[in-house]
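The values are calculated or read from the model by the stated rules, or taken from the named source; none is laboratory data. In this text the structure is predicted, and so the values were computed from the model without any measurement. All Cβ positions, even for glycine, are placed from backbone atoms using ideal geometry, and neighbour counts span all protein chains on display. To get the accessible areas, we keep the full protein, side chains included, count just its heavy atoms, and leave off ligands, DNA and RNA. Shrake-Rupley method; radii C 1.70, N 1.55, O 1.52, S 1.80 Å.
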Amino acid sequence: MKPVLADDAAIDYAVNLLRQGSLVAFPTETVYGLGADASNPDAVRRIFQAKGRPADHPLIVHIPSVNSLNDWALTVPYAAQLLAARFWPGPLALILNKKPEVPLVVTGGQNTVGLRMPDHPVALRLLRAFGGGIAAPSANRFCRISPTQAVHVEEELGDAVDLILDGGACQVGVESTIVDLSGNRPKLLRPGHITRLDIEAVLQTELMIIPPQSGQTNQSETRAPGMMAVHYAPETLAILCPASRLPEMIQELNFRNKKIGILAFNLERTENRLTRVIRMPKQADDYAQALYASLRKLDSLELDVILVEQPPNTEAWQAINDRICKATSAYQPLHASN
Ligand code: TXA
Ligand code: MG
């Protein structure tokens, strides 16, 4: 399926497809989503098939306005009103207790529902024209790198999707921050562009941080399965490497005739027969925007190993570190030794 420029005619066509229960991939400010009518269980089931995603992994419902919260959430707590007023439209998903009529297939069997009003002109036009909620996970195969350009969706899902709306490269580049407001205390389920401190400043309270889970989770523990340890991963073995150890790693791998790709931060290195280098931006926002496309690029080069140079570890880099830890967590020994 070739991406289609998201003009008015394409949006009309997309709305028709959604109404028929078909799948439409569309851009958001974070990553591309694979959308279906959230009120149509059969349509939502097709998302799980297309992604190869287990049925207990809940989807985020994208909504056209703050008011639409009331269509999906049983109650809208004051904290949710504050966060939506401050950050929507934007890269923040809220987990709230669901109304009984929200299909369980959307929520992975849970009594809570994830809701987000995205900040992308194409997503907002589509949502307003459609009028309802669009359930949409990232438009990649399960556990793989999220797409930040329309062509990535084509690479990931091929003809499993009925239409790909092209709205250019995503501005934010990593998935939304997820805050769970369904319990007594607000919890941060996934870090994103909107930071923990941003949220705490609005709520005037500390967020509980849910530690990453290792490996597969059983259902009773499943809160945000995107937090599974291995996720967002390239197919090539990827290793996170502190700057201080990078030169010896490169030397060792080159000595063993391995083809390597480096996602470099400070390292200055010229390319050679065995070594490809992508210099990453120095600002966290720019780094995040470039991260998935850069990993995808290195992944396409048939390399033996991708080395990711450890970027800074301050608050602004939290979402980036979360994603690169998961992208590199198939290789444990280095983590264990650092
Ligand atoms: O930025 C984003 O959020 C993108 C764009 C397309 O909006 N979407 C996205 O969806 O990243 P997905 O499905 O790849 O990740 C959504 C995460 C999953 O980890 C899921 O487990 C969690 O949100 N989630 C959704 N509903 C939930 C719920 N009711 N309770 C706990 N976690 C939930
Ligand atoms: Mg995803």
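Out of all Cα-Cα pairs in region 20-79, roughly what percent, to the nearest whole number, are more than 17 Å apart? Display every interim value, and only then the final one.
Numbers: 853 of 1770 pairs.
Of all Cα-Cα distances in region 20-79, 48 percent exceed 17 Å.
For the full complex of protein chains and a 1.4 angstrom probe, list Ser182, Ser244 by accessible area with the highest value first. Please list the in-between numbers first.
Numbers: Ser182 30, Ser244 100 Å².
Greatest to least solvent exposure: Ser244, Ser182.
Above 24 angstrom, tally the Cα pairs of the chain and express them as a % of all pairs, no decimals. Show your work: numbers first, answer last.
Numbers: 30733 of 56953 pairs.
For the chain, the fraction of Cα-Cα distances above 24 Å is 54 percent.
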For Lys51, which aspartates and glutamates qualify as cross-link partners when the Cα separation must be under 13 Å and same-chain residues fewer than eight apart are set aside?
Glu154, Glu155, Glu156, Asp159
Filtered hits (lysines, Cα-Cα < 22 Å from Lys98, offset >= 8 within chain) -> Lys187
Using alpha carbon centroids, what distance separates region 123-137 and region 155-199, in Å?
15 Å
Using Cα springs under 10 Å in a Gaussian network model of the chain, which residue among Ser300, Ser68, Ser146 shows the largest mean-square fluctuation?
Ser300
Might you report the magnitude of the Cβ-based charge dipole of region 9-100 about its Cα centre, with Lys and Arg at +1 and Asp and Glu at -1, to the nearest 20 debye?
180 debye
Counting other Cβ atoms within 10 Å of each Cβ, which chymotrypsin sites (Phe, Trp or Tyr not before Pro) in region 264-323 have at most 14 and sit in a DSSP loop?
none
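So which GluC sites (Glu not before Pro) in region 139-213 pass both tests, a DSSP loop state and at most 15 other Cβ atoms within 10 Å of the Cβ? Can you show the working numbers first?
Numbers: sites: Glu154, Glu155, Glu156, Glu175, Glu200, Glu206; in loops: Glu175, Glu206.
The qualifying sites are Glu206.
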So which lysines can Lys297 reach, going by Cα to Cα under 16 Å and dropping same-chain residues fewer than 8 places off?
Lys259
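Can you give the calculated 222 nm mean residue ellipticity of the chain, where each DSSP H run of n ≥ 4 adds -39,500 (n - 2.57) and the sum is split over every residue, rounded to the nearest 500 deg cm²/dmol?
Numbers: 11 runs with 104 residues, N = 338.
Dividing the helical sum by the residues of the chain leaves -9000 deg cm²/dmol.
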In debye to the nearest 20, how big a dipole does the chain give about its Cα centre with +1 on each Lys and Arg Cβ and -1 on each Asp and Glu Cβ?
460 debye
Highest GNM mean-square fluctuation among Asp37, Asp119, Asp198, for the chain with Cα springs under 10 Å, belongs to Asp198
